[in-house]
Amino acid sequence: MPSNAHENTYTAPLPFIPTIIEHAAFLIGQTPSAAARDASILARAHIAVFEQYRPDGVTVGMDIYNIEAEALGCQVCFYDDESIPGIMTHPITLDSPPGGIAFSPNLGRIQLLLCAAEKVKAVIGNDAKVSVGICGPFSILIELLGFETAIHAFIDEDKRVRLLLAAVLEFQKAYSREIVSRGLGVTVFESWASPPLITPDIYRQYALPYEQALLAHIGARPLVIGGDTRPILDDIVKSGTALLLSDYNTPLPLYIEKARAAGLVLRANIDPKLVRQGDFEKIKERIKEIYAQKKNYPKIIIGTGVVPYDTPLENLQRVKKIIALLH
């Protein structure tokens, strides 16, 4: 081998997986509510994501935090504008029998979501990994009980809340098996567990054990908790996640250090507001910062927080070009 062969070795840009949910509907001129209620529209939306941006992975979903809650009795409000569908009712109480929380793929819109994900996989599955977004048990319980009721139960150490969490965990185990049986990946979203919404102690007692059990059951999968998670960072590492998220408002070197010690993939996010605004100078600074850390730890992917609905298509396309140019 010539002594200068390494100079011609091609180094690929870091993988790019922006978080595109409601923006997928925007790409095909639909509202989030329309896409959330129609498997064909939802599939077209996420296929459009791949066609326009060629990300290294696609997670299918629209109002991700509503799916399991709706299946278990919550009413969802849909809109005619770009608003995200939202939970209107919290039907579960601490006295509700845990046995009433039982999985079926025919509940709510679960079948619709699975059908859409299968359609997406059939079209792009050879080029990108296709996953379904599900919720961690903690986040589902928050939706079922309502935030204030759940928080008071955690503070009071009410034993009934653990019975409900255990039932939700079994629901999610069954749901995950259904997803995996269809050849799809699983991404677990747990944003209700992000500080400062809850304390580290509440996370450690009421979120972490159930995340660990779920991820042990389905194998290491990405656990997505956005925001400044430094107060619970060491606990997240213990969850069994396959990926550690360093959001745009966190110190990247610290998260690199934790990911390296645990052998986890590190996802470094770009602020999605900058993408929507087209602030490419600040985006370049962030991408340069990420690439500077690559020498310390190569197992990095570049992501974003949730891309706003009406983000100009050309802005995200330009971000991908910048990633390729700066590598």
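What ranking of 199, 229 emerges when the number of other C-beta atoms within 10 Å of each C-beta is taken as an exposure proxy, fewest first?
By the 10 Å Cβ count, ascending, the order reads 199, 229.
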Report summary line: Partner aspartates and glutamates whose C-alpha sits under 14 Å from that of residue 294, ignoring same-chain residues fewer than 8 away, are 257
**Report entry** Those lysines that a straight Cα-Cα span of less than 28 Å connects to residue 121, excepting residues fewer than 8 apart in one chain
**Finding:** 129, 173, 299, 320, 321
Report summary line: Asserting the computed 222 nm helical MRE of the chain (DSSP H runs at least 4 long, -39500 (n - 2.57) per run, divided by residue count, to nearest 500) equals -13500 deg cm²/dmol
Requested in this report: List every residue whose amide H lies under 5 Å from the amide H of residue 243, counting only residues 5 or more places away in sequence or on a different chain, with H placed 1.01 Å from N in the peptide plane.
Outcome: 223
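Need the full-extension length gain, residue 54 to residue 155, defined as separation in residues times 0.36 nm minus the C-alpha distance. One decimal, nm. Walk me through the intermediate numbers first.
Numbers: separation 101, 0.36 × 101 = 36.36 nm, distance 4.51 nm.
Gain in length upon complete extension: 31.9 nm.
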Report task. Quick one: dipole size for the chain, taken about the Cα centre, charges +1 on Lys/Arg Cβ and -1 on Asp/Glu Cβ, in debye to the nearest 20. Result -> 1200
Requested in this report: List 255, 309 from most exposed to least, where exposure is judged by having the fewest other Cβ atoms within 10 Å.
Outcome: 309, 255
Report task. Taking log10 I(q)/I(0) by the Debye sum over Cα atoms at q = 0.07, 0.08, 0.16 Å⁻¹ as the quantity of interest, determine which of (1) -0.28, -0.37, -1.46; (2) -0.35, -0.45, -1.51; (3) -0.35, -0.45, -1.18 was computed from the displayed structure. Result -> (1)
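FYI, it's all coordinate maths here, none of it is from the lab. Here the structure is a predicted model, which means the values were calculated and not measured. Cβ sites come from the backbone with ideal geometry, for glycine too, and all protein chains shown count toward neighbours.
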